[in-house]
Amino acid sequence: MTEATMTPDSLHRFLTPSAPTLHPSTDRCVVSVTRTDDACDEYVGQLWEVPLAAGSTPRRLTRGHRDTAPTFSPDGRLLAFLRADKGGKPQLHLLDARGGEPVRVTDAPLGAGAPRWSPDSHQIAYVARVPETGRYGSDEDVSADAEPPRLVTGLRYLEDGVGYHRDRRNHVFVFEIPDLTADPRSLPEPTTGSQVTDGDWDDTSVTWSPDGARLAFVSARHDGRDADLRSDAWTCAPDGSDLVRATDTSLAVEQVAWSLDGGRLWLLASDVGASGTEFVGRNTGLYAVPVDPPSVPVRHTEPDVDLGEEGSHLTVTGDGVLVQRRTRGAVELLRVGERDTVLLTTGLSLGMSGTDLADLYFARWPI
């Protein structure tokens, strides 16, 4: 057996599929497959439709420069995803689930975040950075080298991969889905939609309640947020009114998801200690908290269970919450129920041969 040899030219063969979005009919799913491209020195990617019948072959669904974050609407009519043109910012696009030409629906100055459908499929919530006036292209008359200087008065003002962020905070937006069956000439121009949150803090991880009456998101709005790692889960109406803090500012909340009955929130969060700054050896765990605020979150995984793998997310089902545990170089799927935790898959061993790794990572997609 010939061992695979890694060279610099091998990098473009590493293909990264996204989490799949399953069509409500359960007969197919869609994934984004990204890779590096030497010619344009960027990551590129397209959407692929994967039929779930045995022996079926994936087919390319889109041909954009970088198409990511696909998600079907709950009624199965539309597919929402992010498309970034070469050198451009990602914007939300909608595609008829039966196929056709994608329609761009957002015009966020610094790009839009992943789409989150309302349960009735009539709205999408997303997170986007909002630049201060005169910065980051918000004013056509002000070039990057002519932006005003920054006065830094806090400890947390830079972020890896983002740079300065205090003057471009993440906030929640909601927009109504246009009628894609109408005459293309009558479709509305791309827009940011309605801005739901604002303020000198970041709002992330937005999600809809099961009845569509409220949004939940993560934000650090407490005094001292510049000097600690704590954050809270918050809820509000889709127009931003009736803002409620659901947690007690004791944890670093990373993600939030609603229970199926809408009575509580599931959290991916870390215990950062009494000082709010203790992160060494602190594993991300699964917590739950009643929606009625503010309450002390209850941990549902043991302290030695680590759910902090990059890309981990919550999937709430009728039998429990699906989470991803990282352990000894592997990632395993767990279902955490009210009374027990079930291991659904075992992780991939690091003791693979070069040929096995090549088969795993050099996927046989006809890119």
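Data for the structure
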item	result
Top of 272, 336, 280 by mean-square fluctuation, Gaussian network on the chain, Cα under 10 Å	280
Signed unit charges on C-beta, dipole axis of the chain, positive-most listed residue 215, 241, 345	345
Between region 143-201 and region 60-98, the alpha-carbon center distance in angstrom	19 Å
³J(HN,Hα) computed for each position of region 165-179 - Karplus, 6.51 cos²θ - 1.76 cosθ + 1.60, integer Hz, glycine/proline x	10, 5, 9, 8, 6, 6, 9, 8, 10, 9, 9, 7, 6, x, 7
Size of electric dipole in the chain: Cβ of Lys, Arg +1 and of Asp, Glu -1, about Cα centre, debye, nearest 20	680 debye
For region 1-113, with +1 on Lys and Arg beta carbons and -1 on Asp and Glu, the positive-most of 52, 26, 87 along the dipole	26
Fluctuation leader among 199, 285, 113 - the chain, Gaussian network, Cα springs under 10 angstrom	199
At 1.306 mPa s and 10 °C, Stokes D of region 197-269 from Kirkwood alpha-carbon radius, µm² per second	129 µm²/s
Estimated translational D of region 41-126 in µm²/s (Stokes, Kirkwood radius over Cα pairs; 20 °C; 1.002 mPa s)	158 µm²/s
Fluctuation leader among 187, 307, 260 - the chain, Gaussian network, Cα springs under 10 angstrom	187
Carbon plus sulfur fraction of accessible area for the chain, probe 1.4 Å, in percent	50 percent
Expected 222 nm ellipticity per residue - DSSP helices of 4 or more, -39500 (n - 2.57), all of the chain, to 500	-500 deg cm²/dmol
Accessible area per residue, Å², the chain with all protein chains present, probe 1.4 Å	54 Å²
FRET E, pair residue 25, residue 248, Förster distance 51 Å, beta-carbon r, rounded to 0.05	0.75
Only Lys, Arg (+1) and Asp, Glu (-1) charged, at Cβ; region 233-275 dipole about Cα centre in debye	40 debye
Built amide H within the under 5 Å cut-off of residue 231, gap 5+	251, 252, 253
Under 5 Å, built H, 5+ apart or other chain: amide partners of residue 169	130
Correct choice for mean projected area of the Cα convex hull in nm² that was computed from the model, options (i) 21.7; (ii) 18.4; (iii) 20.0	(i)
Charge dipole (debye, nearest 20) of region 140-197; +1 at Cβ of Lys and Arg, -1 at Cβ of Asp and Glu	380 debye
Taking the C-alpha atoms of region 253-332, convex hull volume expressed per residue in Å³	97 Å³
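The values are calculated or read from the model by the stated rules, or taken from the named source; none is laboratory data. In this text the structure is predicted, and so the values were computed from the model without any measurement. Note: ideal-geometry Cβ built from the backbone for every residue, glycine included; neighbour counts use all protein chains shown. To get the accessible areas, we keep the full protein, side chains included, count just its heavy atoms, and leave off ligands, DNA and RNA. Shrake-Rupley method; radii C 1.70, N 1.55, O 1.52, S 1.80 Å.
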